[in-house]
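The values are calculated or read from the model by the stated rules, or taken from the named source; none is laboratory data. Just so we're clear, the structure is a prediction, and the values are computed from it rather than from any experiment. As a convention, Cβ positions derive from the backbone with ideal geometry for all residues, glycine included, and neighbour counts pool all protein chains shown.
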Amino acid sequence: NFIETIKEKNPRINAFIEVNREHAIKKAAEIDSRISKDEKVGRLAGLVIGIKSNINVKDFMVSAASKTLENYRGSYDATVIKRIKREDGIIIGMTNMDEFAAGSSTETSYFGVTDNPAAEGRIPGGSSGGSAAAIAAGMCDLTLGSDTGGSIRNPASHCGVYGFKPTYGLVSRQGLLDLAMSFDQIGPLSNDLYGISLLLDVISGYDPKDPTTIKTSGTSLTRPSNKKGSDLTFGIVKEFQEVTDDPIVDIIEDTINLLREEGYNVVELPFKYIDLCLPTYYLINYVEFFSATRKYDGRKYGYKIEDVCGEEVLRRIQIGSYISQKEFSGKYYRRALQARSLIRKEIEKVLKNVDIILGPTVPKLPHKIGTTLKPMEMYSYDILTVIANLAGIPAASMKIGKVKGIPIGLQLQAKPLEDWKIMKAMLEIE
Ligand code: GLN
């Protein structure tokens, strides 16, 4: 029983910052009664789901883990939430995260840090650390996270669960509090592949309320086929391994060797712009985040963001505002957009040769809670995950082993709208 597990473990792990027991029990009873009357129920019937605190759920705490929104409750359901409710998913509560999703460790939450259930005393990763920890601790079936530069995949890797960032535009962002809107995507986390693919299938699809969503045909886009012995081809990139710590590279190589033994074709391909990825990502992130925060001026939500936010959020607002000054007439931002297009073309070039790029999700092990990292050290956790957001391609993380008892994630990246191929690859590698 999830409610018992949450009661027992959440005080220590702090994966949920709000649990709505009554809502969940009422919804479960309603579904039970419909089942007993032989009425039709949705595809998520009976599944218990946690939602990252930056997605609007009516009447729940949508705080983005910031004091800025401490008194705000969701006034409507985001499109993804409407779709979950329509399929009878049971929303149990809101998960912890870095303040406004700006981080990779869940340490910057106004509601305190989340512990990693798979490696106690260490960060769970972030920013969707609560969503990954809730799954790893068995507190619910499924969670939603958001991924701007790795925030679903990074905590999935550190907590040893599945996490999926869809193709940009596959899932509606309506009702998500933006970090950087040209990167943000909502996606699922789960302990099993079926859960990931089911939830992604439910939340994805064109939404007139989010003009960046893509009109796709057919609903089976995200459902893995069961066929083994497929013809998938894999690529590995030396530059990705070079920025990664050795014990992690060893585990990745073991997996690659196994795949080769099973007869898969794995080729090595070059990627030119690894050094450009973090500066490009962060520059665009600062500018877009600055603009997204202008609505938190104290009039509607009670607090002015600059007055109450943490250090990292303030840094982004200040630098974002500086770069956006009209004296620069968009010089830095334009350069970053040019670099972004180079990076996109380069990764697409790699993907022309193979179906899936395999590599590490995060280059380092999660640090112990309480260690202080410099901003650049924190940002360097993201070097392998930001590429998918810069290019808008789908990417996922799955657990493939452990180093010193700490889970290690394998990252899989594919061409835009080939999300299903990643599902298929994970099914075959599992
Ligand atoms: N760590 C990255 C950042 O701080 C990514 C965060 C995210 O994906 N939300 O921007």
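Residue by residue, here is whether (1) farther than 30 Å from E242 by Cα; (2) among the polar types (S, T, N, Q) holds:
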{"position": "L278", "(1), (2)": "no, no"}
{"position": "Y281", "(1), (2)": "no, no"}
{"position": "K300", "(1), (2)": "yes, no"}
{"position": "I305", "(1), (2)": "yes, no"}
{"position": "G310", "(1), (2)": "yes, no"}
{"position": "L314", "(1), (2)": "yes, no"}
{"position": "S321", "(1), (2)": "yes, yes"}
Checklist line | Some residue of segment 138-146 being away from the ligand (no atom under 16 Å from the Cβ), surrounded by fewer than 24 Cβ atoms within 10 Å (Cβ to Cβ), touching a residue at least 60 places away in the same chain (Cβ under 8 Å) and closer than 24 Å to K364 by Cβ | finding: no
Item checked: helices (runs of 4 or more DSSP H) lying entirely in segment 306-390 (those with 2 or more residues that are touching a helix residue (DSSP H, G or I) at 6+ places or on another chain (Cβ under 9 Å), of a type in the set (K, R) and more than 14 Å from the ligand (Cβ to nearest atom)) -> 331-353
Next item on the list: Would you please list the contacts, defined by Cβ atoms under 8 Å and residues six or more apart or on different chains, that run from a residue in segment 363-389 that is among the charged types (D, E, K, R) to a residue that is assigned to a loop (DSSP other than H, G, I, E, B) and near the ligand (Cβ under 10 Å from one of its atoms)?
Entry: D382/S104; D382/G149; D382/G150
Checklist line | Flag for E253 being modelled with pLDDT of 95 or more and within 16 Å of the ligand (Cβ to nearest atom) | finding: no
Check: Does S380 count as modelled with pLDDT of 95 or more, buried (at least 24 other Cβ atoms within 10 Å of the Cβ) and either of a type in the set (S, T, N, Q) or farther than 25 Å from I13 by Cβ (or both)?
Finding: no
